[in-house]
Structure formats: structure tokens, C-alpha cells
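Visitor: Sharing a structure, written as C-alpha cells. Questions coming.
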Amino acid sequence: MKPNDMLKQQFLEIVSNQLTSNDPPETKQTLDRLVQEGYSDADARILIAQCVAAELFNVMKHNKPYDNERYVRNLRQLPDFPSED
């Protein structure tokens, strides 16, 4: 498996864990909204995983803690690509 494929699987696993635990609840709300807008479940999860990736990138790049407000803001902007700030 290629490194990018491995990362993608990890991000999708985080999304699945968030959906299972309903934490944050906005993840499930976003999945439902995207599916209602016509995205497949798989494509909606990939879009949400982009928000996970963006948040983890911010944590590592800026050496700052996870920012749930930024993560939720990015979820609400989907299908637009997540912002870095």
C-alpha cells in the first residue's frame, strides 16, 4: 500500500470513529447533509476526511493543539475545500 493510501485509510478511520462515538456530532450532521445533497456515503466520508487531514496538518505545522471550532467550521464549508486557518 502506498503511503498516501495509508494516510487516506487512517483519516477515514478517524471519520468512522467520530461517527461511531458521535464526537463531534457535527461529523454525522455533515455526513447526512452531504448525502442529502447527492454525494455517496463514501464520497461524503472522503470530504470529511479532508477536514481531518487539514486539522492534523495545522496541528503539526503550527505546533498548536487541535482546534475543534476550526474543524467544525471546515465541516460546515464542505464540499468546499477546508481552509488552513
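Every number in this text was worked out from the coordinates using simple rules, so none of it is lab data. Values in this document were obtained by computation on a predicted structure and should not be read as measured data. Here the Cβ is made from the backbone with ideal geometry for all residues, glycine too, and neighbour counts use every protein chain on show.
Visitor: Taking the condition of being touching a residue at least 40 places away in the same chain (Cβ under 8 Å), under 15 Å from Glu13 (Cα atoms) and exposed (fewer than 12 other Cβ atoms within 10 Å of the Cβ), how many residues in region 32-85 meet it?
Guide: The number of residues fulfilling the criteria is 0.
Visitor: For region 13-45, which residues satisfy the criterion of being under 23 Å from Glu69 (Cβ atoms) and hydrophobic (A, V, I, L, M, F, W, C)?
Guide: Ile14, Val15, Leu19, Leu31, Leu34, Ala44
Visitor: Sort out which residues of region 12-28 are surrounded by fewer than 16 Cβ atoms within 10 Å (Cβ to Cβ), assigned to a helix (DSSP H, G or I) and touching a residue at least 24 places away in the same chain (Cβ under 8 Å), and write them in order of number.
Guide: If the condition is that a residue be surrounded by fewer than 16 Cβ atoms within 10 Å (Cβ to Cβ), assigned to a helix (DSSP H, G or I) and touching a residue at least 24 places away in the same chain (Cβ under 8 Å), then Ser16 is the only one that fits.
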